[in-house]
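Enquirer: To start, I am sharing the structure in question, which I have written as structure tokens.
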């Protein structure tokens, strides 16, 4: 029997990185998938043009939680310009593989990240 989730997906789900919210963040973004109900919220702080800290809160399927964790790892420490380059394939690669029926979770993570970066670019905390 083939496992449903890659070891990386399960690791991020069981041991999420950067979980929670930041007090007094520079930006907050939340996105929801209206079809499945997954919700992802990102909070971040920026210093010297880089994402100094980023956290996530997710409600949804195993891949939604794993993608939230993975996107924070990919973005943390990057310049805002380099963080804008993070895409769905980067998240899927970081997780080894995401079942095609759950690839919407990677889309949700990218949408939330890009919304967060748009707020940072605009200088608006919400």
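Computed from the coordinates by the stated procedures, all read-outs in this text should not be read as laboratory data. Quantities reported herein were computed from a predicted structural model and do not represent experimental measurements. Cβ sites come from the backbone with ideal geometry, for glycine too, and all protein chains shown count toward neighbours.
Enquirer: Could you run through region 20-36 and say how many residues are free of Cβ contacts under 8 Å to residues at least 60 places away in the same chain and either touching a helix residue (DSSP H, G or I) at 6+ places or on another chain (Cβ under 7 Å) or buried (at least 17 other Cβ atoms within 10 Å of the Cβ) (or both)?
Expert: 1
Enquirer: Next question, about the same structure. Tally time: how many residues in region 112-126 are buried (at least 19 other Cβ atoms within 10 Å of the Cβ) and under 14 Å from the mean Cα position of the chain (by Cα)?
Expert: The number of residues fulfilling the criteria is 4.
Enquirer: Among the residues of region 68-76, are any in a strand (DSSP E or B) and more than 16 Å from residue 97 (Cα to Cα)?
Expert: The answer is no, given that none of the residues of region 68-76 is in a strand (DSSP E or B) and more than 16 Å from residue 97 (Cα to Cα).
Enquirer: So, in region 85-106, how many residues would count as being in contact (Cβ under 8 Å) with a residue 40 or more places away in the chain and within 10 Å of the chain's Cα centre (by Cα)?
Expert: Within region 85-106, residues that are in contact (Cβ under 8 Å) with a residue 40 or more places away in the chain and within 10 Å of the chain's Cα centre (by Cα) number 2.
Enquirer: Pick out the one residue from 109, 44, 64, 58 that is more than 20 Å from residue 13 (Cβ to Cβ), under 13 Å from the mean Cα position of the chain (by Cα) and either free of Cβ contacts under 8 Å to residues at least 12 places away in the same chain or not in a loop (DSSP other than H, G, I, E, B) (or both). Don't jump to the end; show me each part of the working.
Expert: Numbers: 109 fails: more than 20 Å from residue 13 (Cβ to Cβ); 64 fails: more than 20 Å from residue 13 (Cβ to Cβ); 58 fails: more than 20 Å from residue 13 (Cβ to Cβ).
Every option except 44 fails the conditions.
Enquirer: Across region 1-19, which residue is surrounded by the most Cβ atoms within 10 Å (Cβ to Cβ) among those that are out of contact with any strand residue (DSSP E or B) (no Cβ under 8 Å at 6 or more places or on another chain) and part of a loop (DSSP other than H, G, I, E, B)? Even if it seems obvious, please write down each step before you answer.
Expert: At the first step, the residues of region 1-19 found to be out of contact with any strand residue (DSSP E or B) (no Cβ under 8 Å at 6 or more places or on another chain) are 1-15, 17.
Those left that are additionally part of a loop (DSSP other than H, G, I, E, B): 1-6, 15, 17.
Numbers: 1: 3, 2: 3, 3: 9, 4: 12, 5: 19, 6: 17, 15: 9, 17: 16.
Looking at the filtered set, the residue picked out is 5.
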